[in-house]
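The values are calculated or read from the model by the stated rules, or taken from the named source; none is laboratory data. All figures in this text were calculated on a predicted structure; none of them were measured in a lab. Backbone-built Cβ (ideal geometry, glycine too); neighbour counts: all protein chains shown. All accessible areas refer to the heavy atoms of the entire protein, side chains included, with ligands and DNA or RNA removed. Shrake-Rupley method; radii C 1.70, N 1.55, O 1.52, S 1.80 Å.
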Amino acid sequence: MTDSLGYRMKFGVIAPSTNTSVQPEFDAMRPVGVTNHFSRIIIPDDPVNSDEDFNELVMRIRAATMDAIDAVKTCSPGAMIMGMSAETFWDGKERADTLKAQVEERAGMNVAMGSDACQAALSKFGDIKRIAVVTPYMPIGDEQVRKFFTDCGYEVVQVLGLKCKSPMLIAHETEQTLRDAIIAVNDPSVEAIVQAGTNLAMARVGAIAEFWLDKPVIAINTATYWHALRMNGIEDKVQGFGSLLTHH
């Protein structure tokens, strides 16, 4: 017997309790027969006004992640997705690989996470070397993202952090703000633009920007969900979220 709605795949997804963007964006990309089941990493919506505050936020997410994995495992998902991104970039590529191994060991199944997804997505667009990045983070978070991509062999031309004032308030950034951020980091030398921070609702804006700029604009939620689908043999093309889901 298979699940009546998730008869092709049940994804267990872990995301911070403050995040209101990743769940609706993942659900909007969901093919028929695939279901998403969220478990929340419980953190307070404390103000973030400094690098120290941001580092404390990441440490709180880290401390509560395994409990969220244990909770979602009780619905017997077939695979897991990490619906947060800062932790997946933290301390560079080596730490990201260690984190993935730890999460997969705890989950007992394959895990898609944002840092891996961005690498996989970029590889679909040819020999890209120069990227720019948009984040909701404080400078300490931006530097972690820069370090990760540098470790992976990319030249990071620019990182623009929006310095959002709390984890919940990340989702309040408007499409106009996201559009302006994409424009600000774009220049002719930039071959692709990547967005980190799963509570920034960038999936729709990224697809629009990609069309007008004629270069890849990789929204983290789009990349992560695409990566999870393809990792698990689901090749459905999904319209409305850019070329990654329609062509790859």
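Quick look at the numbers
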item: Carbon/sulfur fraction of accessible area - region 9-114, other protein chains in place, 1.4 Å, %; result: 48
item: The chain, helix-only ellipticity at 222 nm - DSSP H runs n ≥ 4, -39,500 (n - 2.57), divided by all residues, nearest 500; result: -13500 deg cm²/dmol
item: Point-charge dipole on Cβ atoms (K/R +1, D/E -1) for the chain, about Cα centre, debye to 20; result: 560
item: Dimensionless Rg/Rh of region 102-248 - Kirkwood Rh, Rg from C-alpha atoms; result: 0.95
item: Per residue accessible area of region 117-221, 1.4 Å probe, in Å²; result: 41
item: Efficiency of FRET from Cβ geometry, M231 and L169, R₀ 35 Å, rounded to 0.05; result: 0.65
item: Partner lysines for K147 [C-alpha distance under 20 Å; skip if fewer than 8 residues away on the same chain]; result: K93, K100, K129, K163
item: Efficiency of FRET between W212 and A101 - r from beta-carbon atoms, R0 51 angstrom, step 0.05; result: 0.85
item: Relative contact order (%) - criterion: Cα under 8 Å, at least six apart; region: the chain; result: 22
item: Listed peptides 97-108, 66-77, 16-27, 131-142 by packing density, highest first (mean Cβ within 10 Å); result: 131-142, 16-27, 66-77, 97-108
item: Helical segments meeting 30 Å axial Cα length and Kyte-Doolittle -1.0 threshold in the chain (DSSP H); result: 51-73
item: Eligible lysines near K237 by straight Cα distance, threshold 25 Å, same-chain separation 8 or greater; result: K10, K124, K215
item: Region 94-121-region 1-30 distance, computed between alpha-carbon centres (Å); result: 17
item: K73 versus D91: modelled label distance in nm, points set 7 Å from Cα along the beta carbon direction; result: 2.2
item: Cα-based equivalent ellipsoid, region 9-114: semi-axes from gyration tensor eigenvalues, Å; result: 23, 16, 12
item: Positive-end extreme of charge dipole, the chain - chosen from F149, A132, P31 (charges on Cβ); result: P31
item: The chain - Rg (one decimal) and Dmax (whole number), Cα, Å; result: 16.7, 54
